[in-house]
């Protein structure tokens, strides 16, 4: 069976964009793939984190995975730092990753900004660790968003470099897992920017932990334009806020964007926002309730992570031993 690997950083609240753009799709994948879903806490510390909050967020992401429908018995769920093979393989792969490849990574430039000279090595080498995450399990497919496609291409290049250096077809070339209608959820405050955990205003996103009243309040306050809702999909090209809100409604109801546009053509935003609030609350409230139930019992979450770490660790350790043999390390 083909193998999926993906993960989310335990930094800040998971939001509607994480659910519609990633986790909901992962739930569908577990039927047809061997799935490994990681909480990538090693990646998280490329930027400063509060240790107490990091542990809490790691449990919260785990709870979100399960509450959204990922089966911990059918899939492997664990936090990255519990499997040392990720860091060990990253070093081996880093020795054959040219600086020129890393210099082309746009995400480092975006995150480091003008403070590039003071940025940590971990932030710069982040894509190599991501490659190790994938290749440690010989994953064949990786669900990625637009902002991660460049990193997956690098992982493919690194796999090819290893295979070429040692004259062996050891690592597969991981393929991007493309979904027919990937949902890109934008900020409620600016329809041209992606919904983000790092956005300063909490009103820019709907968190998976928000109450029904708060969800409705955020949708009511969401930025709009002064016109009634459009009658055609083509009109959305110049109306980013309408495009975003109608797209969210379409994703939550599993309807086509065309059908939703026809349903609300010419309507006022006040009417549409009421309908969107009802749908969002209906979909998200059961997820929030289950997350809250699990977070009240952290031992149950830790048990899931331990079982997942054992499964992931066994698999990754086998591949790492093979890598060490190929490289020529003496293992007395």
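Note on 246, 29: ascending count of other Cβ atoms within 10 Å places them as 29, 246, the fewest first.
Relative to its Kirkwood radius, the Cα radius of gyration of region 1-124 gives an Rg/Rh of 0.99.
Taking a ≥ b ≥ c as the square roots of the eigenvalues of the alpha carbon gyration tensor, region 88-155 is oblate, as a/c is not under 1.5 and a/b does not beat b/c.
Working from Cα pairs under 8 Å separated by at least six residues, relative contact order for the chain is 23 percent. Per-residue Cβ neighbour counts within 10 Å put 164, 187 in the sequence 164, 187, beginning with the fewest. Separation of region 223-284 and region 45-113, taken as the distance between their Cα centroids, equals 34 angstrom. Here the extension length gained between residue 237 and residue 262 equals 7.4 nm, from 0.36 nm per residue of separation less the Cα-Cα distance. Only DSSP H runs of four or more residues enter the estimate; each adds -39500 (n - 2.57), and after division by the residues of the chain the mean residue ellipticity at 222 nm equals -16500 deg cm²/dmol. For region 35-83, relative contact order (Cα pairs under 8 Å, six or more residues apart, normalised by length) works out to 69 percent.
The angle separating the long axis of helix 149-166 from the principal Cα axis of greatest extent in the chain is about 10 degrees.
Listing 62, 11, 192 from fewest to most neighbouring C-beta atoms within 10 Å gives 192, 11, 62. Between residue 74 and residue 179, the FRET efficiency from the beta-carbon distance, with R0 = 25 Å, is close to 0.80. Computed from Cα atoms, the angle from the helix 240-253 axis to the main principal axis of the chain rounds to 80 degrees. Prolate is the label for region 202-293, because the ratio a/c of its alpha-carbon gyration tensor axes (a ≥ b ≥ c) is 1.5 or higher and a/b is greater than b/c. The angle between the Cα long axis of helix 269-295 and the main principal axis of the chain comes to about 40°, on a 0 to 90 degree scale.
Relative to one another, the C-alpha centroids of region 118-139 and region 5-23 are positioned 18 Å apart.
Across region 202-293, the mean sequence separation of Cα contacts (distance under 8 Å, 6 or more residues apart), normalised by length, yields a relative contact order of 39 percent. Applying D = kT/(6 pi eta Rh) to region 140-216, where Rh is the Kirkwood radius over alpha-carbon pairs, T corresponds to 25 °C and eta to 0.890 mPa s, the Stokes-Einstein value obtained is 158 µm²/s.
Taken together, the values in this text are just the output of simple stated rules run on the coordinates, not laboratory data. Since the structure is predicted, the reported quantities are computational estimates derived from the model, not experimental observations. Note that we place each Cβ from the backbone using ideal geometry, even for glycine, and neighbour counts take in every protein chain shown.
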